[in-house]
Amino acid sequence: MKNPMPAGSPALTDASPIRIVGLGASAGGLEALEQFIANVPPATGLAYVVVQHLDPTHKAMLTELLQRSTAMPVREATDSTRVEPDVVYVIPPSAELTVAGGRLHLAEPAQPRGRRLPIDVLFCSLARDQGERAIGVVLSGMGSDGTIGLQAIKAQAGLTLAQAPSSAQFDSMPRSAIDAGACDIVAPASELPQRILLIAAKHALTAPRSVGTEEGSEQSLNEILGLLRERSKHDLTLYKVSTVKRRVERRMGVHGFNTLAPYERFVRENPQELDLLFKELLIGVTSFFRDPPVWQELADRVLPDLLAQRTAGVGLRAWVVGCSTGEEAYSLAMVFREVADAQPTPDAWKLQIFATDLSADAIAVARRGHFPARIAADVTPERLGRFFHVEGDGYLILKGIREMILFAQQDVILDPPFTRLDILSCRNLMIYFNAALQQRLLPLFHYVMRTGGVLVLGGSETVGRSAPLFSPLDQKLRLYLRGAAPSAIANVDFPIKRSLSLRASARESNVFHPLNRLSNLQALADHVLLQEFSPAAVLVNEQGDVVYISGHTGRYLEPAAGKANWNIHVMARPAIRTHLAAAMRQALQEKKTVEVRDLKPEEDARLTLDLTVQPLREPTTLEGLILIVFRDVAIPPAAKRIRRRATGSADSADSEPLARAHEEIRALRQEMHASQEELQSANEELQSTNEELQSANEELTTSKEESQSMNEELQTINIELHLKLDDLALAQSDMQNLLNSTDIATLFLDNALNVRRFTEHMSRIVQLREGDIGRPLSDLASTLIYPQLHADAKDTLRTLMFSEKQIAATDGHWYTVRIMPYRTVSNVIQGVVITFVDITAAKELESRLRGQ
């Protein structure tokens, strides 16, 4: 019985922006599909497209089975069918089903059996075609099919749902989608239709009430973004207003809120909602070799020109900003490798790529370098064979390409940039920033690039007011050359400076109002004084990670060799490292300023160093950070003479103990250095062991996926067999009832004329029971006066001609005995059928007529 539409949930009209609901389940998810379809009320205005893992060698009965659960028409999908509302479309066996232009399209599977992901294929096409109108539902099933598709729908602000694992017969598919953070709603299959219709009819997916229309919405939105900043440590106030509003509206719709005020209270009481909203605001749409003409131009012209300007052996540097899950960075690495291999000395050319993104989850995926099988649509077979190898149900990037790229989580708005760049790719990221931030980033990009470097922007982005800094290389493809004009450092808005000013100003003004530059003489003078005459200083957190650098700190800090590490304990020069660490510990424990004087960072008798370590409590935005100030102090000439005299007298009095002390210090330093090397070696061994364990774990995961795939196929076959057995049992029952209802005794014999089956009326002629099945006809005793029965049956089997005779029985009955060949549906003879029709009454009537 169908559940009625919930009260207050009006049916969607044909004009509703929501059109298609994609449903995905494996062969074991038939029950969940029936529960979902059975609970869809009539006239919803939605279309339902069902994809199930089907055995390609067997006829599917899913259409007939689902039709029993709904009054809506259930049809098997055909190519180029226009999708209609209130219709259920079912994928046929051995096909891939996609949606484009509001029509269904069928194609041969792109992957071999066992590696197909038909649910992902449908959902990804829905995301492309429907955008924020798309709805994807993952139901019971094994494996992880559907997860990538839900992520694609979610990236387009569509609605994603999954069956609650506790209610699923097979929970692998819904659990995979939930663990990936791709689901907006998780509920039993029978409840999902009502959740979809409530959201579609009331909120974001039909006619949402725009954020900002109700009174007090601006303040509520500012408060929400403030909560986001406090939880994620990232400031999203300079994102475009439309982008922020659209994502907030979507989360409001998921939870059923009409206005911002209750949603603000909800996020305060449920901090995990802030994490989900933050992920919503991070746009993660990417693919390999997106916009092919751009990559072709890089390969044909840009990269060869850059190599021609460089000396062999000198590496190039590139920065991919907003790399998402790494496809663009890997694309750049592959194109560079192809160009370098075409040079006379391929191995002499190196490219170091820095790929950054705000999303930690996206960076984790990028670092792994494992991509689904569907990338074959974007990557040519030659590149797949050269730069990837098959692993599990997808492709793993080769080690040589992976080692060209350093992935890191970074906020381009607040974190320090990479420098000395030959290529800077920032594609389709700035379109989500407001104009003020765009105009701040471009001078920064100019500053960190080398002269002649190439800036790559997205198709909807331009350099705008920063045109004097960049000259067009290809205006249509958004390729620009970094001009030779030096950047005015005072006009470059470094992220370090912005991270402080943004936090302070966000509490004092509307978050969507652009932050103003220094605009008066006093502010400009203060700015110059701070840059030129203030002492060197760094701002660190409690762990020692550097978040801000002011002035020249080269005498006191230096980057450590190896992997980039911005921790002050690693960067501090050996002469001051111990004193600095002790001062930081004391400042944190006692929560007061600590000063250390007369340090010698270098072998320079003219200068000493004073350190000031101050924990910050004000302003609130800097609370918990530590300010470390470096002051060089010149030694007065008189003090130098006194020190030399004191040193001389000390040398004369205590030279031997002082020498021993120096020797002990030197020995201790050597011992400490050796210990550091041992620790480093142990750490590398642990990392190597960890890599081996990860490799073993990946192999086990691959084996598990293969086993799940095989198990799923067996489940499919098992279900098909059960269905066929049910059909056979039903057909047998029909036949048995038909034969019994005719009151005709019937005997079925095989090719050897042995009993194969008989009807219950045969017992009046031949004493048969179930144990007689398989006995020869010649062994049966009957009441018939028909000694030629065996011979006639044998003759019919030989000639295939039927025989009909009237035979008397010893009990006075007469029968018409008809012997016919037994033909199968494939026209194969497999024995004979003998029927016995009682004609006693006719014979008696005939006898009476003759007697008259």
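Points to keep in mind about this one:
- Where LYS279, LYS794 fall by accessible area, highest first, once all protein chains stay in place (1.4 Å): LYS794, LYS279
- Sorted peptide list for 325-338, 187-200, criterion being average Cβ within 10 angstrom, highest first: 325-338, 187-200
- Taking every protein chain into account, the 1.4 Å probe leaves ILE785 with about 100 Å² of accessible area, to the nearest ten.
- Rotationally averaged projected area of segment 32-169 (alpha carbon convex hull; nm²): 8.0
- Average accessible surface for segment 281-435: 39 Å² per residue, computed with a 1.4 Å probe over protein heavy atoms with every protein chain in place.
- Pairwise Cα distances in segment 792-841 exceed 12 Å for 63 percent of all pairs.
- Between HIS662 and LYS591, the C-beta separation translates, for a Förster distance of 41 Å, into a calculated FRET efficiency of about 0.65.
- Cα-centre dipole for segment 279-336 with unit charges at Cβ (Lys and Arg positive, Asp and Glu negative), debye to 20: 200
- Between the alpha-carbon centres of segment 378-412 and segment 117-146 there is a gap of 24 Å.
- The label point for SER80 and the one for GLN343, both projected 7 Å from the Cα toward the Cβ, are 5.1 nm apart.
- nm² value of the averaged projected area, convex hull over the Cα atoms of segment 317-405: 5.8
- With the convex hull of its Cα atoms as the shape, segment 244-327 has an orientation-averaged projected area of 8.6 nm².
- Spin-label pair ARG128-ILE431: with each label point 7 Å from Cα along the Cα-Cβ axis, the two points sit 1.6 nm from one another.
- Expressed as a whole percent, the accessible area of segment 298-363 that falls on carbon and sulfur atoms is 50 (1.4 Å probe).
- Rounded D (µm²/s) - segment 533-616, Kirkwood Rh over Cα pairs, Stokes-Einstein at 37 °C, 0.692 mPa s: 245
- When all protein chains stay in place and ligands, DNA and RNA are ignored, the 1.4 Å accessible-area order of TRP814, TRP349, largest first, is TRP814, TRP349.
- Compared with the alpha-carbon gap, the fully stretched path from ASN827 to THR620 is longer by 65.5 nm at 0.36 nm per residue.
- Rg to Rh, two decimals, where segment 113-180 supplies the alpha carbon set and Rh follows Kirkwood: 0.97
- Within the accessible area of segment 132-187, the carbon and sulfur atoms contribute 42%, probe 1.4 Å, all protein chains present.
- Annotation: peptides 129-135, 835-841, ranked by per-residue average of other Cβ atoms within 10 Å with the highest first, follow the order 129-135, 835-841.
- Per-residue SASA entry for LEU469, accessible area with 1.4 Å probe, Å² rounded to 10: 40
- Two-site FRET efficiency, ASP772 against LEU849, from Cβ-Cβ distance with R₀ of 35 Å, rounded to 0.05: 0.35
- When all protein chains stay in place and ligands, DNA and RNA are ignored, the 1.4 Å accessible-area order of CYS183, CYS426, largest first, is CYS183, CYS426.
- The ARG669 and ALA696 beta-carbon pair, evaluated with R₀ = 56 Å, returns a calculated FRET efficiency of approximately 0.85.
The values are calculated or read from the model by the stated rules, or taken from the named source; none is laboratory data. It should be emphasised that the depicted structure is a prediction, and the values quoted were computed from it without experimental measurement. Counting neighbours? That spans all protein chains shown, and the Cβs are built from the backbone with ideal geometry, glycine included. Keep in mind that these areas ignore ligands, DNA and RNA; they rest on the heavy atoms of the full protein, side chains included. Shrake-Rupley method; radii C 1.70, N 1.55, O 1.52, S 1.80 Å.
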